[in-house]
Amino acid sequence: MKSFTYERVDSSAAATAAFARTPGARFIAGGTNLLDLMKLEIETPQHLIDVSRLALDKIEATPEGGLRIGAMVRNTDLASDARVRRDYGLLTRALVAGASGQLRNKATTAGNLLQRTRCPYFYDTNQPCNKRQPGSGCAAIGGFNRLHAVVGASDACIATHPSDMAVAMRALDAAIETVDAAGKARAIPIADFYRAPAKTPHLETVLAPGELITAVTLPKPVGGTHIYHKVRDRASYAFALIAVGAIVQRDGTGRVALGGVGYKPWRVEAAEAALPRGAKPVADGLLAGAKTTHENAYKLPLVERALAGVLAQAKG
Amino acid sequence: MKFDTPATTNPIDQMKIVGKPTNRIEGPLKTTGTAPYAYERHDVAANQAYGYVVGSAIAKGRIASMNLGEARAAPGVIAIVTADNAGKLAKGDFNTAKLLGGPDIEHYHQAIALVVADSFEQARAAASLVRVEYARGKGAYDLAAAIDTAIKPKASFGTEPDSAVGNFAAAFAAAPVQLDARYTTPDHSHAMMEPHATIAAWKGDKLTVWTSNQMIAWSVGDMAKTLGIPKENIRFDSPYIGGGFGGKLFNRADVLLAALGAKAAKRPVKVALPRPLMINNTTHRPATIQRVRLGATADGKLTAIGHESWSGDLPGGGPETAVAQTRLLYAGENRMTAMRLAVLDLPEGNAMRAPGEAPGLMALEIAVDELAEKLGMDPVALRVLNDTQVDPEKPSRPFSQRQLNKCLETGADKFGWSKRAKPGVTRDGRWLVGMGVAAAFRNNLNGPSAARVRLAKSGVVTVETDMTDIGTGTYTIIAQTAAEMMGVPLDKVVVKLGDSAFPVSAGSGGQWGANSSTAGVYAACVKLREAVVQKLGLASDAVFADGKVKAGRRSVALGDAAADGELVAEDNMEYGDLAEKFQQSTFGAHFVEVGVDAMTGEIRVRRMLAVCAAGRILNPKAARSQVIGAMTMGAGAALMEELAVDKRFGFFVNHDLAGYEVPVHADIPHQDVIFLDEADPTTSPMKAKGVGELGICGVAAAVANAVYNATGVRVRNYPITLDKLLGKLPDMV
Ligand SMILES: Cc1cc2nc3c(=O)[nH]c(=O)nc-3n(C[C@H](O)[C@H](O)[C@H](O)COP(=O)(O)OP(=O)(O)OC[C@H]3O[C@@H](n4cnc5c(N)ncnc54)[C@H](O)[C@@H]3O)c2cc1C
Ligand code: SF4
């Protein structure tokens, strides 16, 4: 780990101002991802701005009938909130499928969205990795890539986004509220939040440097049956091989987002129209243009079969 | 004491304390965090500095240049050890590659430097400033590609590479029912909780290491050889070990580098291997490719048994002895086994829990299941039919005891085996459900083991031996043994382990520890009893019970024998040729039920049962703990554990516990263990054998066979992950 300086701030304005003041700064929330990466020198911030005690830890109703989730709400608190459990069951189920109880007690809503890939080569600083060290190459291509992306990847990077929560957020049409150093606020639909790797896989979101996430909003509930099926080799405490987050209505219509297949939670609205016809056409639409390797080609049939299982379960 | 004729009745047979389910005597220390593990021994030496290991970034080649300037100038740095400045170092007998590499690099993450600093953070930060240029060499990393170059290795730990009895080729060709299949098992990591860790301190030319090591005497010897100093100048102390599974049988980089670092820094130095380094820096269980051929008559009698195994290791290394059990497990007149070894430039292969048998049975016991299906026989019945009570390669040699059939039959009964249906038909909602069975087999090994026992005036008996407790429960069975022998309650026994200043024990490995080390304590206690009766002037048939020694009408408190000073006795248990006259092995049967998600192919174990026949069970509670732990490890081997090899760069890619998955609680819902009532008089006066490795043997095959029974899909390449099932599962829910 590189030496760094540290400060704790008590307002969003102070956080963004501190960022503007200190080059090489990073926000730190629960620290469950950033600290690990710092120990391995994958991330080397010179200054940490601790935002974990900002008063962004509430879940409030919005005038539109949805919820505003403070950026610092812990994953455990979010998953167990009565309104979330009742109206956004997908979110609760996705959250509790992730990490462990101890980690969820620390992990925050903002930090979860911004957690970095679990590509093992990203974690080994001896290996080429364009995401860690732009221009060095991608060791996963041609290497061990059973866990890697099948859609949206590029010749520079085939990493997946590991978050479960984000998959539910995507199906629920969440928006990410931010404020920048100049105090300007904006709301970014989660569909537009993550950047495709293209030639610059180190740039992962549309956030500007120093832009602080303050909340995530959910539109008003859409009803339906909420199912999150995280497929993995062991029963718990493992990242998804693939995950299916679905909201299915009585008439068979609904929404589907996938985890573990691409650089972002993967949803193709146009494909959802086929839901009443079963899993295959939806999976085909979701995975159109997929590019697989010898080791991760199983993800295509797996998505279709997992989705079929989810749809069968929704029917009851 | 020499053990060369089968044991008769002795004080252990009273089984007042031995054989009773007993809580670990050191348990409270562990549950309260007060059992000091190597890295936490802050009090043993003042002024400890911190060492951080730099691992090679390439698998094979040379260090072209190494620039230590920046690292030396970093805050807090005291010293940097490299092969350039470490002085002359030999390689230990138990190491295949050097513990400190450079300029030649033998494997990925081979240690090439130790940075010593005032704090851990400073050492780690400075370690990343060591600038190294490499000249990458060409290495071999792909076992499948290398098997054509594999050669017949020399005997490994007494196991010959080949064996042949009768005429296998002719008998196999003539067999009416044949099975010929290839299986693969991947590289496995020990993945124990506690990393390799050492604190080292020098006083003049005398070195003390507080470390985490299974085999104290081996490691003292290897350290002496490596450093070129007399054994007498080295003390190892390793009282608590957070798991080893074979990964701590030998010295690793932490011990050597802590010693070198302490010398360079002129103060005590502590070193732990970080998790990512454990996987590529230390040893692992090597991958195998195995071919099993079984020939049988139409009614299921095996007539031909052939088992070949290919594995790889660094130059000078050894094979994974995956055919060992096949020489002994089933009857059959015509047999062959062969092991071949290829050179691979991956990290060093070596022993991991049940080396040989664990991967060997992963293949053999699927093959037996496949043969049963070809024969249309129940796999339990097929195994029972082919039982042998003698060494099938040397029929004049009987097994000392062999209750494999009883294990199988008891297990079948208790598990509800008769409810097993044909493959692919049992459903429970979205789950396809199946049952599998496999035989468990692991040889029993005994080794010389010494102990010293002291009797104090208070009646407290203290045992000292360099035996280790790697989480297995050694403290407790040694205390039970001494308590039974001296006729005192358990709380009157103090056990001190893991210090090379104590008499040399068998150590912990190869499941030989329990029987061997307690036999050593038995021998020492026999001597102490003699000293006691002599001191008290009692008849030699005096009875030791309830803290007293009784002969005729006299009854004296045991402690009185030490009234004018402590009584001390020491002895070493040695073995004659009973293990040659009798084949001593341990047996078991594993039954497993799995559910397979019909849509996703996710496999989840639903319940497991092991029935074990392993001689006298000294502490059923600890033994059960050993067996359920081993069953868990076997489930991991079946379903998830695989070191992913990068065949271009030559290293294990998933080198942390996020990438190398081992079972979690949710994977292991229900386990049962039954021990058959046994006592084997040929093994030692304890009449015990090992169980710690038996427990893993066959488990993975039982899981594999259950997956087959659930789905009708046979997977021969471990681990059995859903991607290997997907294309073959039924179409609809
Ligand atoms: C062993 C392990 C297993 C795990 N398993 C899973 C799993 O199965 N599924 C899963 O989804 N996740 C899993 N996780 C990841 C876990 O969910 C994340 O580590 C966690 O959500 C990150 O939240 P945090 O608050 O700790 O983030 P931090 O580590 O504090 O920050 C992460 C990133 O977010 C940035 N950041 C934080 N807050 C803000 C803000 N307000 N505005 C802008 N930027 C900000 C930081 O600068 C940093 O770059 C696992 C983690 C571990 C360690
Ligand atoms: S897939 Fe992306 S993260 Fe992984 S090695 Fe390639 S560039 Fe790096």
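Observations on the model:
- Amide H to amide H, with H built 1.01 Å from N, A:ASP233 comes under 5 Å of A:LEU241, counting only residues 5 or more places away or on other chains.
- Shape of the stretch B:500-630, Cα gyration tensor, a/c cut at 1.5: prolate
- Charge-dipole axis of the stretch B:515-584 as Lys and Arg at +1 and Asp and Glu at -1 on Cβ define it, positive-most pick from B:VAL526, B:GLY552, B:LEU536: B:GLY552
- At an R0 of 51 angstrom, the distance between the Cβ atoms of B:LYS154 and B:LEU657 translates into a FRET efficiency of 0.90.
- Positive-end residue, the protein assembly as shown charge dipole about Cα centroid, Cβ charges, pick of B:PRO392, B:ALA363, B:PRO685: B:ALA363
- Residue exposure proxy: B:ILE147, B:ILE696, A:ILE227, A:ILE176, ordered by other Cβ atoms within 10 angstrom of their Cβ from fewest to most, comes out as B:ILE147, A:ILE227, A:ILE176, B:ILE696.
- Amide H contacts under 5 Å for B:HIS307, placed H, 5+ residues apart: B:ARG293, B:MET336, B:THR337, B:ALA338
- Prolate/oblate/rounded label for chain B (Cα gyration tensor, a/c 1.5): oblate
- Assigned charges on the beta-carbon of Lys, Arg, Asp, Glu; the protein assembly as shown dipole about Cα centre (debye): 1020
- Amide hydrogen neighbours beyond the local backbone of B:LEU567, cut-off 5 Å, H modeled: B:LEU455
- Spatial offset of the stretch B:250-306 relative to the stretch B:122-136 amounts to 26 Å, using the alpha carbon center of each.
- Virtual spin-label span in nm between B:LYS301 and A:ALA312, 7 Å along Cα→Cβ: 4.7
- Average beta carbon contacts from partner chains per residue of B:653-659, 10 Å cutoff: 6
- Reducing the stretch A:43-80 and the stretch B:168-236 to their Cα centroids gives an inter-centroid distance of 49 Å.
- Dividing the helix sum by the residues of the protein assembly as shown, where each DSSP H run of 4 or more adds -39500 (n - 2.57), gives a mean residue ellipticity at 222 nm of -7000 deg cm²/dmol.
- Annotation: the antiparallel percentage among DSSP beta bridges lying fully within the protein assembly as shown is about 75.
- Label-point separation, B:THR34 to B:ALA170 (7 Å along Cα→Cβ), nm: 7.2
- The stretch B:350-367-the stretch A:82-111 distance, computed between alpha-carbon centres (Å): 41
- Counting every other Cβ atom within 10 Å of each residue's Cβ, A:HIS161, A:HIS47, A:HIS294, B:HIS590 order from fewest to most as A:HIS294, A:HIS47, A:HIS161, B:HIS590.
- Shielding of A:302-308 by partner chains, average beta-carbon count, 10 Å: 5
- Label zone at B:ARG607 (point 7 Å along Cα-to-Cβ), backbone N below 19 Å, the stretch B:387-409: B:407-409
- Using only side-chain charges placed at the Cβ, +1 for Lys and Arg and -1 for Asp and Glu, the dipole size of the stretch B:582-695 relative to its Cα centre rounds to 340 debye.
- The ranking of B:VAL292, B:VAL460 by Cβ neighbour count inside 10 Å, starting from the fewest, reads B:VAL460, B:VAL292.
- For chain A: rounded, prolate or oblate by the Cα gyration tensor [a/c cutoff 1.5]: oblate
- When both bridge partners sit in the stretch B:451-544, DSSP labels roughly 45% of those beta bridges antiparallel.
- Cut-off 14 Å, label 7 Å out along Cα→Cβ of B:ALA145, residues of the stretch B:80-118 by amide N: none
- Across the stretch A:128-151, the residues whose backbone nitrogen lies under 19 Å from the label position 7 Å along the beta-carbon direction of A:HIS294 are A:138-150.
- FRET efficiency for B:GLU70 and B:LYS266, using Cβ-Cβ distance with R0 set to 30 Å, rounded to 0.05: 0.85
- Magnitude of the charge dipole, the stretch B:200-305, Cβ model with Lys/Arg +1 and Asp/Glu -1, debye to 20: 220
- Calculated from backbone phi, Karplus (6.51, -1.76, 1.60) coupling profile of the stretch B:289-298 in Hz, x at Gly/Pro: 10, 10, 10, 10, 10, 10, x, 9, 6, 4
- With both labels modelled 7 Å from their Cα along Cα-to-Cβ, the A:LYS184 to A:THR5 distance reads 2.8 nm.
- Given R0 = 60 Å, the distance between the Cβ atoms of B:ALA539 and B:HIS42 translates into a calculated FRET efficiency of 0.70.
- Within straight-line cross-link reach of B:LYS422, lysines at Cα separation under 23 Å, skipping those fewer than 8 residues along the same chain: B:LYS301, B:LYS374, B:LYS414, B:LYS724, B:LYS728
- Bridge type composition, chain A - antiparallel percent by DSSP, nearest 5: 80
Just so you know, all these numbers are worked out from the coordinates, no wet-lab data involved. Bear in mind the structure is a predicted one, so any value in this text is a computation, not a measurement. Glycine gets a Cβ as well: all are built from the backbone with ideal geometry, and neighbour counts include every protein chain shown.
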